[in-house]
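Have a look at the structure below, then the notes.
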Amino acid sequence: MSKILFNDLVDEYLSNIDCNDRSRDTYRRVLNSFKRWIVFEGKNITDIKRSDILAYKAYLLKNDRAERTVHLYMTVIRRLYEYAQTIGVSENIVSDIHTKNLHGGFLKEHLTEQEANRLLSSIARDNITGKRNFAIINLLLRTGMRCVEVSRLRVCDIIELPDGAHGLRIQRKGDCARTETVGIPAKAIEPILSYIAEREVSDGQEPIFTTHHYKKNIGLTPSAVSRTVKSLMEAVGVYSKTKTAHSIRHTAFVTMITHGASIKEVQILAGHKSMLTTEIYLKSMDDMLRLKNPAASVLDDVF
């Protein structure tokens, strides 16, 4: 990498990739972490060798980084060197360095129906914060929306459909505008309407879900929604390394499938462009199907 400084290469690479600001920040954080390790090890950042990349990968694994974290770090570094090779400032020394194939399973588990019901019933609705929290969990469990999508909702995004039912205009993850309107069942929308009514909202541009501090109420950020969900899950003992706030999304889809919804129907509700993505979310059903699989008894009436 003799023709360009590492920092300049990173800046140029990040300015030329097509991704959102959050992903770009993640890539920069990963590459800064890599650079700090190189400097700490006393290596020359302008003369990185394949052996240095392998040593960094070993360092990540030795320090108990999750397989997905290692995969992310190595993928970002690989793409940086692919770019460096494309513009002719370095060979791609990461091209044949592999990480574990992560497509064979999904690390997150879904909640059982009993756990989901326990979570919902645990939320007291005798104050404005409780009503908000119930409305959030209830919406997530019944629609599988992402925390970021919930945080983006505005009061004006609630619309009445021709049949009298309600829908929500959703700004999907990675989108810059509200591109979809999704029908919402009555049991999902009623707690939201009750919560909004108690707040006496007059401006349709107000966020649906806000903080409730004594000084100023502001819209919940995606992180704030996630923290709220985590706190409620911890309170009833259903939070773990494999059951997190994002597991609520899995729970919604798995429960829909087990109660008769088609994968295509779930795909549309989830906002997935490919059915393959929806099927990945349903991987957490595998253990359940191994124990109680209709295929095992389908021939009982045959012989």
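Restricting attention to the range 172-198, which residues are over 15 Å from Leu139 (Cβ atoms) and surrounded by 18 or more Cβ atoms within 10 Å (Cβ to Cβ)?
Our first condition is that a residue be over 15 Å from Leu139 (Cβ atoms); within the range 172-198, this holds for 172-181, 197-198.
If the condition is that a residue be over 15 Å from Leu139 (Cβ atoms) and surrounded by 18 or more Cβ atoms within 10 Å (Cβ to Cβ), then Arg172 is the only one that fits.
From the list Ala135, Ala124, exactly one residue is in contact with a Phe, Trp or Tyr (Cβ under 9 Å, 6 or more places away or on another chain) and crowded, with 21+ Cβ neighbours inside 10 Å. Which is it?
Details: Ala124 fails: crowded, with 21+ Cβ neighbours inside 10 Å.
Result of the check over Ala135, Ala124: Ala135.
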Of all residues in the range 265-294 being under 15 Å from Gly144 (Cα atoms) and of a type in the set (Asp, Glu), the one that is modelled with the highest pLDDT: Glu265
Single unsatisfied condition, His98 versus (1) within 30 Å of Ile218 (Cα to Cα); (2) free of Cβ contacts under 8 Å to residues at least 40 places away in the same chain: (1)
Tabulated pairs, the range 186-215, first assigned to a helix (DSSP H, G or I), second small (Gly, Ala, Ser), C-beta under 6 angstrom, 6+ apart or interchain: Pro191/Ala135; Ile192/Ala135; Tyr195/Ala135
Residues satisfying the stated conditions in the range 233-285, i.e. part of a helix (DSSP H, G or I), free of Cβ contacts under 8 Å to residues at least 60 places away in the same chain and farther than 30 Å from Ala124 by Cα: Ile263, Lys264, Glu265, Gln267, Ile268, Met275, Leu276, Thr277, Thr278, Glu279, Leu282
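Yes/no matrix, rows are residues, columns are (1) among the hydroxyl-bearing types (Ser, Thr, Tyr); (2) in contact with a His (Cβ under 9 Å, 6 or more places away or on another chain); (3) free of Cβ contacts under 8 Å to residues at least 60 places away in the same chain; (4) assigned by TED's automatic domain parsing to the domain that holds Val266:
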site: Asp126; (1), (2), (3), (4): no, no, yes, yes
site: Asn133; (1), (2), (3), (4): no, no, no, yes
site: Leu140; (1), (2), (3), (4): no, no, no, yes
site: Gly144; (1), (2), (3), (4): no, yes, no, yes
site: Asp157; (1), (2), (3), (4): no, no, yes, yes
site: Leu161; (1), (2), (3), (4): no, no, yes, yes
site: Leu168; (1), (2), (3), (4): no, no, yes, yes
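The values are calculated or read from the model by the stated rules, or taken from the named source; none is laboratory data. Just so we're clear, the structure is a prediction, and the values are computed from it rather than from any experiment. We place every Cβ from the backbone using ideal geometry, glycine too, and count neighbours over all the protein chains shown.
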